[in-house]
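The values are calculated or read from the model by the stated rules, or taken from the named source; none is laboratory data. All values reported here derive from a predicted model rather than from experimental measurement. For neighbour counting, all protein chains shown are included, and Cβ atoms are generated from backbone atoms with ideal geometry for every residue, glycine included. SASA here: full protein model, heavy atoms, side chains in, ligands and nucleic acids out. Shrake-Rupley method; radii C 1.70, N 1.55, O 1.52, S 1.80 Å.
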Amino acid sequence: MQFDFSLPSHIDFGRQVRFKLASLLPDGAVLVIAGKHSVSRIEKEKTQLFGTRSVRIFSGLLPEVPLAAVDIARQMATEINAASIVGIGGGSAIDAAKAVAALFAESAPTADFFYGKRQAMPRQVALAALPTTAGTGAEVTANAVLHDDATNVKQSLRTPGMAPDIALVDPELVESAPQSVMAASGMDALTQAIESFTSCRADALTRQIAAVAVKILLENLEAAVHHEKSAVDAVSRASLLTGIAFSRSGLGAVHGLAHPLGCVRQVPHGVACAVLLTAVLDANAKRAPQVYRDLSFASGFATGEELFAAVAALRKRLGIAEKFDFALKDQERRFIIGHSRSGSMKCNIVPYTDEELGAILDAVTL
């Protein structure tokens, strides 16, 4: 059996581990890519987090990180001659930080690397990630999900050494998230855990990790949404596990569809995953039932039906609807299907035709 993971060289989990950052970063200026809700905490804790280093903060990112924003942040990093790039926030902030760090030594626009016209040199600057949501796993993955406003394309940027050097997963950064954010990001994590288990690229190790994460999330997400500390800790840990699992295994059809759907309808990513998940599970299980039996047993359920029912019941308790409250226009439907053939879709346990993907979309829209 062979394994090949690309993970941070330093992963630390626990309350207040964020304050280890100052001792782990190299000397020199720091550019912080921050979620808008993280800025006040960063300002308050700046000395504890960064010591005496010069710090500049770039914030205000949209949930779908525009290529232009990455270009602006890259320019800021150059202006301060940054020695470190630190992402503090949700998946958008961390993905932006990974892109800025990966392209720090490059002069060409981000779009050239986004569309594969150029290949970046190995990363020249230190990179750390501190997630403030429990859902994306971005702190341990080797890609950055970006959006081109000009073409409405959302996809992953991948360059050498994109996984952070340092991942500090501190549940204290997560527990202040609004309930809606906790619910949506948690359902994203649950989707990632399920898809990484059932991926055609999964192996014995990733499946063990993913099954543990599925069980933790189903048992703790609802309580975490209500800010129960032990549950927040559990969900934060599970989110980290999902990132470790799918960094190797890839994902599946839910994420293949969720990214372009979010582009055309501005649906929050976690909500898109939560709504699509049941329909994709039903479709996949009809053609590949054994992998869902395996997942059910591994995560503590007697049958796939019991697992699917638990997922649907959790989504309902979290206040996320069974269907989207809109009908897709023909051009929107074509765009979603046409842009769904991503790396995630290629990892789905079974292949789908355009017509079959259309049927899945029909099942979750009006």
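Brief remarks on what is shown
- In the stretch 89-123, the residue that is nearest to the chain's Cα centre (by Cα) out of those that are open to solvent by less than 10 Å² (accessible area, probe 1.4 Å) and closer than 10 Å to Ile33 by Cα is Ile94.
- Given (1) surrounded by 23 or more Cβ atoms within 10 Å (Cβ to Cβ); (2) without any contact (Cβ under 8 Å) to a residue 60 or more places away in the chain; (3) part of a helix (DSSP H, G or I), number of the condition Ala82 does not satisfy: (3)
- Any hit, the stretch 263-282, residues being more than 21 Å from the chain's Cα centre (by Cα) and at negative phi: yes
- The stretch 321-366 - residue that is out of contact with any Lys or Arg (no Cβ under 7 Å at 6 or more places or on another chain) and of a type in the set (Val, Ile, Thr) and, of those, most open to solvent (accessible area, probe 1.4 Å): Thr353
- The set of residues in the stretch 18-69 that are at pLDDT below 95 and either on the phi > 0 side of the Ramachandran plot or open to solvent by 30 Å² or more (accessible area, probe 1.4 Å) (or both) comprises Lys36, His37, Gly60, Leu61, Leu62, Pro63, Glu64.
- Taking the stretch 40-71 as the range and being touching a strand residue (DSSP E or B) at 6+ places or on another chain (Cβ under 6 Å), part of a loop (DSSP other than H, G, I, E, B) and either more than 30 Å from Val153 (Cβ to Cβ) or of a type in the set (D, E, K, R) (or both) as the test, the residues that pass are Arg53, Glu64.
- For the stretch 238-260, a residue qualifies if it is over 15 Å from Thr141 (Cα atoms) and either modelled with pLDDT under 95 or open to solvent by 10 Å² or more (accessible area, probe 1.4 Å) (or both), and exactly one does: His259.
- In summary, Val291 fulfils each of the numbered conditions (1) assigned to a helix (DSSP H, G or I); (2) under 29 Å from His226 (Cβ atoms); (3) open to solvent by less than 20 Å² (accessible area, probe 1.4 Å) with the single exception of condition (2).
- Odd one out for Ala142 among (1) at pLDDT 95 or above; (2) hydrophobic (A, V, I, L, M, F, W, C); (3) within 12 Å of the chain's Cα centre (by Cα): (1)
- Any hit, the stretch 98-110, residues being outside any loop (DSSP other than H, G, I, E, B), out of contact with any Leu (no Cβ under 6 Å at 6 or more places or on another chain) and of a type in the set (Phe, Trp, Tyr): no
- The stretch 139-166, residues that are part of a strand (DSSP E or B) and more than 16 Å from Ile244 (Cα to Cα): Val145, Leu146, His147, Asp148, Val153, Lys154, Gln155, Ser156, Leu157
Each row is one residue, and each column tells you yes or no for (1) out of contact with any Pro (no Cβ under 7 Å at 6 or more places or on another chain); (2) of a type in the set (Gly, Ala, Ser); (3) in a loop (DSSP other than H, G, I, E, B).
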position: Leu168; (1), (2), (3): yes, no, no
position: Ala177; (1), (2), (3): yes, yes, yes
position: Val181; (1), (2), (3): yes, no, no
position: Gly186; (1), (2), (3): yes, yes, no
position: Ala189; (1), (2), (3): yes, yes, no
position: Ala193; (1), (2), (3): yes, yes, no
position: Ser196; (1), (2), (3): yes, yes, no
position: Arg201; (1), (2), (3): yes, no, yes
position: Arg207; (1), (2), (3): yes, no, no
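- Unmet criterion (only one of (1) open to solvent by less than 10 Å² (accessible area, probe 1.4 Å); (2) aliphatic (A, V, I, L, M); (3) over 15 Å from the mean Cα position of the chain (by Cα); (4) more than 17 Å from Gly270 (Cα to Cα)) for Ala202: (1)
- Restricting the first member to the stretch 209-229 and to residues that are within 17 Å of Thr242 (Cβ to Cβ) and open to solvent by 70 Å² or more (accessible area, probe 1.4 Å), and the second to residues that are in a loop (DSSP other than H, G, I, E, B) and polar (S, T, N, Q), the beta-carbon pairs closer than 6 Å and six or more apart or on different chains are Lys215/Ser299.
- Failed criterion for Val232 (all others in (1) within 23 Å of Gly87 (Cβ to Cβ); (2) open to solvent by 10 Å² or more (accessible area, probe 1.4 Å) hold): (2)
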